[in-house]
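Just below is one structure, and these are the notes that go with it.
The values are calculated or read from the model by the stated rules, or taken from the named source; none is laboratory data. A quick note: this is a predicted structure, and the numbers were derived from the prediction, not measured. Here the Cβ is made from the backbone with ideal geometry for all residues, glycine too, and neighbour counts use every protein chain on show. Surface accessibility is based on the protein's heavy atoms, side chains included, excluding ligands, DNA and RNA. Shrake-Rupley method; radii C 1.70, N 1.55, O 1.52, S 1.80 Å.
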Amino acid sequence: MNNRLLSGVIGLTAGIAAATGAAAALWPEPTPPADLRPLEINPDTPPVRSGNLTFDTIGLRCGITTVVGTHAEHWAKGRLCRIRITVTSQDSVFGEIDNNLHRLTLDNGRALPLDREATQIKRQPLETEVAAHGQITYDLWFDLPKNTRPTGLRVRADEEEPPVTIPLPKRDWTEGSA
């Protein structure tokens, strides 16, 4: 009798484990979004690849009028846009990243370079490295002319790679300070 009971418990346990495994495979838990800062949205865009680097936008906020750091402040000529990105290396060696190659595309067809002042005041890298098979997360800052909206972030691993555009969500941005 004990053998039959033990066999039943083992069979029931195996069945529960199989059902749990099947459920996890069929309905995986979604990856939790990155912690968003005040007034920042998750762009919910797929990552793109340029060369051996993968770029993913994980935070977006535009309409910022000024940035303040420990050593300076900077007023936007139009409105500042902050894009939080994660860059992942798919290579077995360190990768160099020149953020000056990235451009913010606008609804009027223009492509803006990085705003160097806001970037430096917020102590974000103009150039950086990513470890082999590693990743790094930081902000890109752009100064948009008034009455324009960002439509995409054009990124590239280096000058030899063609640019790849990450589409950004269309939205009206309220003004505020960072």
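Confirm whether V93 is modelled with pLDDT of 95 or more and either open to solvent by 30 Å² or more (accessible area, probe 1.4 Å) or outside any helix (DSSP H, G or I) (or both). If you could, list the steps in order and put the result at the bottom.
On the way: modelled with pLDDT of 95 or more: no; either open to solvent by 30 Å² or more (accessible area, probe 1.4 Å) or outside any helix (DSSP H, G or I) (or both): yes.
Criteria not met by V93.
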Being on the phi > 0 side of the Ramachandran plot and loosely packed, with under 15 Cβ neighbours inside 10 Å, is that true of even one residue in the stretch 48-70?
no
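Just to be sure before I move on: is N99 in contact with a strand residue (DSSP E or B) (Cβ under 7 Å, 6 or more places away or on another chain) and among the polar types (S, T, N, Q) in the structure I sent?
Yes: the conditions hold for N99.
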Looking at the stretch 159-167, can you tell me whether even one residue there is under 26 Å from V67 (Cα atoms), at pLDDT below 95 and open to solvent by 20 Å² or more (accessible area, probe 1.4 Å)?
no
Residue within the stretch 115-124 that is closer than 24 Å to P46 by Cβ and in a strand (DSSP E or B) present:
no
Just one of the numbered conditions (1) in a strand (DSSP E or B); (2) open to solvent by 10 Å² or more (accessible area, probe 1.4 Å); (3) within 15 Å of T128 (Cβ to Cβ) is not true of I85; which one?
(2)
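For the stretch 97-110, indicate whether the set of residues that are of a type in the set (G, A, S) and touching a residue at least 24 places away in the same chain (Cβ under 8 Å) is non-empty.
Let us first name the residues in the stretch 97-110 that are of a type in the set (G, A, S), namely 109.
Filter once more, so that each one left must be touching a residue at least 24 places away in the same chain (Cβ under 8 Å): none.
No.
Would you check which residues across the stretch 136-157 are open to solvent by 60 Å² or more (accessible area, probe 1.4 Å) and either touching a residue at least 24 places away in the same chain (Cβ under 8 Å) or charged (D, E, K, R) (or both) and list them?
Taking the stretch 136-157 first, the residues open to solvent by 60 Å² or more (accessible area, probe 1.4 Å) are 137, 146-147, 149, 154.
Across the stretch 136-157, the qualifying residues are T137, K146, R149, R154.
Out of R37, R110, R116, R79, report the one residue that is of a type in the set (K, R), surrounded by fewer than 16 Cβ atoms within 10 Å (Cβ to Cβ) and under 18 Å from P169 (Cβ atoms). Quick ask: steps written out before the conclusion?
On the way: R110 fails: under 18 Å from P169 (Cβ atoms); R116 fails: under 18 Å from P169 (Cβ atoms); R79 fails: surrounded by fewer than 16 Cβ atoms within 10 Å (Cβ to Cβ).
So the residue among R37, R110, R116, R79 that is of a type in the set (K, R), surrounded by fewer than 16 Cβ atoms within 10 Å (Cβ to Cβ) and under 18 Å from P169 (Cβ atoms) is R37.
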Just to be sure before I move on: is R103 more than 18 Å from S50 (Cβ to Cβ) and open to solvent by 40 Å² or more (accessible area, probe 1.4 Å) in the structure I sent?
no
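Among what's in the stretch 88-121 and is among the charged types (D, E, K, R) and more than 17 Å from the chain's Cα centre (by Cα), pick the residue that is nearest to V68 (Cα to Cα).
Step one: list which residues in the stretch 88-121 are among the charged types (D, E, K, R), which gives 91, 96, 98, 103, 107, 110, 115-117.
Restricting the remaining residues to those that are more than 17 Å from the chain's Cα centre (by Cα) gives 91, 96, 107, 110, 115-117.
Working: D91: 36, E96: 28, D107: 28, R110: 27, D115: 14, R116: 14, E117: 11 Å.
Within the stretch 88-121, the match that is nearest to V68 (Cα to Cα) is E117.
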